[in-house]
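Student: Here's a structure for you.
The values are calculated or read from the model by the stated rules, or taken from the named source; none is laboratory data. It should be emphasised that the depicted structure is a prediction, and the values quoted were computed from it without experimental measurement. With ideal geometry, Cβ positions are generated from the backbone for all residues, glycine too; neighbour counts draw on all protein chains shown. Heavy atoms of the whole protein, side chains included, go into the accessibility calculation; ligands, DNA and RNA do not. Shrake-Rupley method; radii C 1.70, N 1.55, O 1.52, S 1.80 Å.
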Amino acid sequence: MTARPRPLPALGPLAAALALAWASPAAAAARFAVVAGNDAGSSGRPRLYFAEKDAERVRQALVELGDFPEDRVTVLRGRGLQAMREALAATEAKVELARRAGERTLVVVYFSGHAGSVGLELGNETLSYEELRRLVAASQADAKVVVIDACESGGLTQVKGAKPAPAVDFALPADESARGTAFITSAAVGEAAQESAALGGSFFTHHLDVGLRGAADADGDGQVTLAEAFRYTSARTVAHTAGTQSGPQHPTYEFRMSGRGDVVLTDLRKADARLVLPADPGSTWFLRGPRGLLAEVPGPAAPLALAVPAGRWAVERRSSQGRATGEVTIAKGATQEVPLLAPTRYEVARAKGGPKPNLAFVEGGVAYLALKGFGVAPAVSAGVRKEFGPVGLRVAFDWAGKTVSDPALSYDFAYYGGSAALLWPLTETAVFVELGPQLAYGYATQRLPQSQSFSSGVVSAGAALLVTVPVGPLRLGLDLVASAQVFKRNDQTVVQPGGTAALSVLFGF
């Protein structure tokens, strides 16, 4: 059948490639791939961060889960137009040899990088969509898949705008007679194919890869089908980009394939190892493992097995109830359930009336500086405290000042500075105690009656103790800091004790 170009639920490179693979190992096709990534586009284009890394991720996935032999996958990183043409020609020569040997053949072409309305940008060179279509049409492979993860790549399928379809609504190739061509793009015309620093790659490629590793296995049968992969990747890509500055990203397709039925894309039994997530709807799981692999997976409605490389994995669960973390090491060939995770003390305390993850505060108290006759000076501070996993970061702007009246010397004193403290929770109750190191830097001045003035930078290092309790919508606290202070006195650098004591009012946000 022939389907008109339509919005595709975000299909990525690996899904398209394996969609045309045969489910029966005995009838497996000879599979070839050209995988290209180029961080550089034409002059004036900003350099991408992850295009070449995405290409490497696709290569790994094709070889690991897709039965693509290493010697049949050509990878181009940062290469130009001539290298692309040569790689396609060399792959076609291998295809012809396989066909003469009686094998059915599948070719996958993947590109990640910049693209415009005319074609793919390989640095300052352009591979036009017209030439790409001509090269693909001339291939003797039984099944051909072209996947483009780039801005404006919808020009290849000529979709001017799109809305995500709720399900796959085109005919899927039969296991025994798949023939034809599929063009897959990550964005419609005029849309940006977006990268994410948090994911370490493009939204498009990331979610497809995770889906094929088991997150898309909706029926839990240990296999990911074409329809499952399309639905999962569509939902995740559109949802993940909906809140970005560029707006939602809608992949498109032009699918010209004969056949019927459904196709298995990946078999999780081929995985190096498996990590099983528990049924946990409403949460989000973040997994970091070997080779820098990162997976963001919504909490499944039923236990979910992910096909992953063996090794050590850092696991994090986030939900409206808080955040919990842990680690697990998976042996090669093993299936490992996620271990019991440990909530950070901040989350435990918050459930019992502890502080919110973000706080703004103001405080007033006294500061001590080791100057003769100084005593203590009134002091005020304002700042914010924010949680980062098991630690809280507190940043403040500080002021202290007074008029010192001493029989030997009278002067006006003022101090302006800033401080930063890392605080670890010591309790898990509404009365919340935090302790940690603090560094500060400021500028102190002495102004004498004769208008003479002296000044010095003040560096201090010490420990901060913060005790807070809830009072209605606010928290009230006692903030104590003891430190060693380094400054100049009479043109000599001295180290003296110092500190502050203050009452705090904290506002959660």
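Student: How much net charge surrounds A367 when only other residues with a Cβ under 13 Å from its Cβ are counted (Lys, Arg +1; Asp, Glu -1)?
Tutor: Combined, the nearby Lys, Arg, Asp and Glu give -2.
Student: Under a cut-off of 19 Å between alpha-carbon atoms, report the aspartates and glutamates in cross-link reach of K94, not counting same-chain residues fewer than 8 places apart.
Tutor: Qualifying aspartates and glutamates at Cα under 19 Å: D67, E70, D71, E86, E103, D142.
Student: Probe of 1.4 angstrom, ligands and nucleic acids ignored: what's the accessible area per residue over the range 299-371, in square angstrom?
Tutor: For the range 299-371, the solvent-accessible area averages 49 Å² per residue.
Student: Would you grab the residues whose amide H sits under 5 Å from the one on S202? Only those 5+ places off in sequence or on another chain, please, with H modelled 1.01 Å from N.
Tutor: For S202, the qualifying residues are S196.
Student: Hey, can you rank 458-466, 443-451, 284-292 by average C-beta count inside 10 Å, highest first?
Tutor: Going by the mean number of other Cβ atoms within 10 Å, highest first, we get 458-466, 284-292, 443-451.
Student: Right, another one. Ranked highest first by average number of other Cβ atoms within 10 Å, how do 143-149, 212-218, 131-137, 113-119 line up?
Tutor: Top to bottom by mean Cβ count within 10 Å: 143-149, 212-218, 113-119, 131-137.
Student: Quick check on packing: order 293-299, 40-46, 423-429 by the mean number of other C-beta atoms within 10 Å, highest mean leading.
Tutor: Result, highest mean Cβ count within 10 Å first: 293-299, 423-429, 40-46.
Student: Whole number in Å², please: accessible area per residue of the range 383-433, 1.4 Å probe, ligands, DNA and RNA not counted.
Tutor: So the range 383-433 comes to 49 Å² accessible per residue, rounded to a whole number.
Student: State which entries of K352/K386; K144/K332; K386/K488 exceed 27 angstrom in Cα-Cα distance in the structure shown.
Tutor: Cα-Cα > 27 Å for K144/K332; K386/K488; rest within.
Student: Tally Lys/Arg at +1 and Asp/Glu at -1 over every other residue whose Cβ is under 10 Å from the Cβ of V210; what's the total?
Tutor: Residues close to V210 contribute a combined charge of 0.
Student: Around T233, with a cut-off of 15 angstrom between Cβ atoms, what is the net charge of the other residues, counting Lys and Arg +1 and Asp and Glu -1? Show your work: numbers first, answer last.
Tutor: Working: positive: R57, R213, R231, R236; negative: D54, D149, D209, D217, E228, E296.
Net charge in that neighbourhood comes out at -2.
Student: Could you please state how large a percent of the accessible area of the range 318-425 is carbon and sulfur, counting protein chains only and using a 1.4 Å probe?
Tutor: Summing carbon and sulfur atoms, their accessible area is 64 percent of the total for the range 318-425.
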